Amino acid sequence: MSDEALYREAKRTALILAAAQAVVGASAPIAISMGGLAGSYLLGTDKSLATAPVTGFNVGVALAALPAAMLMRVVGRRYGLIAGTGANALGGAVAAFALFQADFWLFAFGLLLVGTGTAFTQQYRFAAVDNAPADFKPRAIAWVLGGGIFAAVIGPQTAIHMRELFAPVMFAGAFVGIIGFAAIGALILSLLRLPKDAPSAALDDHQPARPLTEIMAQPRFLVALLCGVSSFALMSFVMTGAPLAMVGCGFSPDEATLGISWHVMAMFAPSFFTGHLIARFGKERIVATGLALLIGCGLVALSGIELWQFWLALILLGVGWNFGFIGATAMVADCYHLSEKNKVQGVHDLLLFSTVAFASLMSGRVYNAFGWDMLNWVIFPVAGACLATLAFLALRRARRARVV
């Protein structure tokens, strides 16, 4: 296949996956913005487990990370990703049914199933780089995540307009919407041309697969994993508690949901130029910029509890996540061969979303025990440690360059 044809096919794949991200990805902001509020609605006077359904969502992503990668290795990306939309639809149905039954733990299980489907959605960014030329990979990741801009509008607006659809049963309509998103997403994904063994030069990798321990022992991989996991976990930790904090400060559920909408748009809007920034300034500098923005989020959040401060903090949180996570994902992609991609991607997402699940669970507990400020104080030591590892990597590279 010619270079021009490779680029054309890679762009087509990235655009289809971006469209699927826009629709199927709308399930995540619904689960995140409504999960804690619906959990609080279903609980009695003790609200300390209010974010447990959101934790269920993240646990689902973590538990399905390796099975999703293994399934796609067997049946191929196209059929595997379509199967993921079925898990989303089932999760939406179970969550809605649980709200009608006023069953808190069944609701949490429903969100776990939605998370299982989201584990497949997380594979979109990897699917976009599988058949992409090396210099297009950062842009392919950014294009796919750019579809999240539309998910940031579609998901929260669905939550706002459908949460009272089945009143007096609150929130159920929002989760029924997930079923429709899954059906549309399956149709979009059916347009992919990603056979199990794509005969393209970009996929022609004859290098033998190394042991997983050898791949993960690379300093660059370890730093990328730490920065990616920390960026995502901090984002989840603060974001999960934000709706509860806003409602606790007297703002309406709709204002809290709009705050999450601004946040999710900020997560994905920079994706249209993040790839170009990575190409110009390098992956490590963009990751460092993302971590600095996360610190900025903490400073704004600690400055007061007006609505604009919540929203601005959430916007900085989203942009910081975008730079930190996309940059770290691109760094990880540099550390493995195509023959190793399935096991590395699966283990990467297992570690990632296990940590994110723990962060979302602790968000509710920390908020109830110590308040909104403590959620934001946690940002500083974690982001600082990541910046230190990036500095170590830069010094190590400079030292090796001098030796050469």
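Bear in mind that the values in this text are calculations on the coordinates, not laboratory data. Quick caveat, the model's predicted, so the values are computed rather than measured. With ideal geometry, Cβ positions are generated from the backbone for all residues, glycine too; neighbour counts draw on all protein chains shown.
Kirkwood Rh over Cα pairs of region 359-404 into Stokes-Einstein at 20 °C, 1.002 mPa s: D in µm²/s? Don't skip to the end; give the middle numbers.
On the way: Rh = 12.9 Å.
D = 166 µm²/s.
Output needed for region 1-48: three equivalent-ellipsoid semi-axes, defined as square roots of 5 times the C-alpha gyration tensor eigenvalues, in descending order, whole Å.
Each semi-axis is √(5λ); the values are 44, 8, 4 Å.
Per-residue HN-Hα couplings for region 7-18, Karplus 6.51 cos²θ - 1.76 cosθ + 1.60 at θ = phi - 60°, whole Hz, x for Gly and Pro?
5, 4, 5, 5, 5, 4, 4, 4, 5, 5, 5, 5
So how tilted is helix 283-302 from the main axis of the chain? Cα-based, degrees 0 to 90, rounded to 10.
Its long axis makes an angle of about 20 degrees.
Jot down the per residue volume, in cubic angstrom and as a whole number, of the convex hull over the alpha-carbon atoms of region 1-88.
Roughly 108 Å³ of hull volume per residue.
Roughly what would the spin-label model give for R399 and A385, points 7 Å off Cα along C-beta, in nm?
According to this spin-label approximation, the distance is 2.2 nm.
Helix 341-370 versus the longest principal axis of the chain: what angle, 0 to 90°, nearest 10, using Cα atoms?
30 degrees
Given region 76-148 reduced to its alpha-carbon atoms as identical point scatterers, what log10 I(q)/I(0) does the Debye formula return at q = 0.17, 0.21 Å⁻¹?
Debye curve over Cα of region 76-148, log10 I(q)/I(0) at q = 0.17, 0.21 Å⁻¹: -0.68, -0.84.
Please report the Cα spread of the chain along all three principal axes, rounded to whole Å, starting with the longest.
64, 45, 33
Can you give me the relative contact order of the chain as a percent, contacts being Cα pairs under 8 Å and 6 or more apart?
25 percent
On the Cα set of region 100-230, report Rg and Dmax in Å, please.
Radius of gyration, then largest Cα-Cα span, for region 100-230: 19.6, 60 Å.
Restricting the calculation to Cα positions, tell me the Rg (one decimal) and the Dmax (whole number) of region 222-296 in Å.
Taking only Cα atoms of region 222-296, I get Rg and Dmax of 14.8, 44 Å.
Once Rh is set to the Kirkwood radius over Cα pairs, what Stokes-Einstein translational diffusion coefficient, in µm²/s, holds for region 131-171 at a temperature of 37 °C and a viscosity of 0.692 mPa s?
Rounded to a whole number, D works out at 262 µm²/s.
Using +1 at the Cβ of each Lys and Arg and -1 at the Cβ of each Asp and Glu in region 249-400, identify which of G327, L294, M265 lies farthest towards the dipole's positive end.
The one lying farthest along the dipole's positive direction is G327.
Which three semi-axes in whole Å describe the equivalent ellipsoid of region 1-158, each the square root of 5 times a Cα gyration tensor eigenvalue, listed largest first?
On the way: eigenvalues 225, 47, 26 Å².
One finds semi-axes of 34, 15, 11 Å for region 1-158.
In Å, the Kirkwood hydrodynamic radius of region 312-404 over pairs of distinct alpha carbons? Working shown, then result.
On the way: mean 1/r = 0.0623 Å⁻¹.
For region 312-404, inverting the mean 1/r across all distinct Cα pairs yields 16.1 Å.
About the Cα centre, and with charges only on the beta carbon of Lys, Arg (+1) and Asp, Glu (-1), how big is the dipole of region 229-338? Nearest 20 debye, please. Numbers along the way, then the final one.
Working: 3 positive and 5 negative charges, 68 e Å.
So the dipole magnitude of region 229-338 works out to roughly 320 debye.
Can you tell me the mean projection area, over all orientations, of the convex hull of region 254-361's alpha carbons? Units nm², please. Please report the intermediate quantities before stating the final value.
Details: hull surface 31.7 nm².
Answer in nm², one decimal: 7.9.
Using only the alpha carbon atoms of region 179-321, find the Kirkwood hydrodynamic radius as the inverse mean reciprocal pair distance, in angstroms to one decimal.
18.2 Å
So what J values fall out for region 237-250 if you push phi through Karplus, 6.51 cos²θ - 1.76 cosθ + 1.60 with θ = phi - 60°, rounded to Hz, Gly and Pro as x?
Ordered by residue, 3J(HN,Hα) equals 4, 6, 5, 4, x, 4, x, 5, 5, 5, 5, x, 8, x Hz.
Using Stokes-Einstein with the Kirkwood hydrodynamic radius over Cα pairs, what translational diffusion coefficient do you get for region 282-338 at 4 °C and a viscosity of 1.567 mPa s, in µm²/s rounded to a whole number?
D, rounded to a whole number, is 109 µm²/s.
Any chance you could give the angle, 0 to 90 degrees and rounded to 10, that helix 271-281 forms with the longest Cα principal axis of the chain?
The angle comes out near 40 degrees.
Among L42, L17, I184, whose Cα projects farthest towards the positive end of the dipole of the chain, with charges put on the beta-carbon of Lys, Arg (+1) and Asp, Glu (-1)?
Positive-end residue among those listed: L17.
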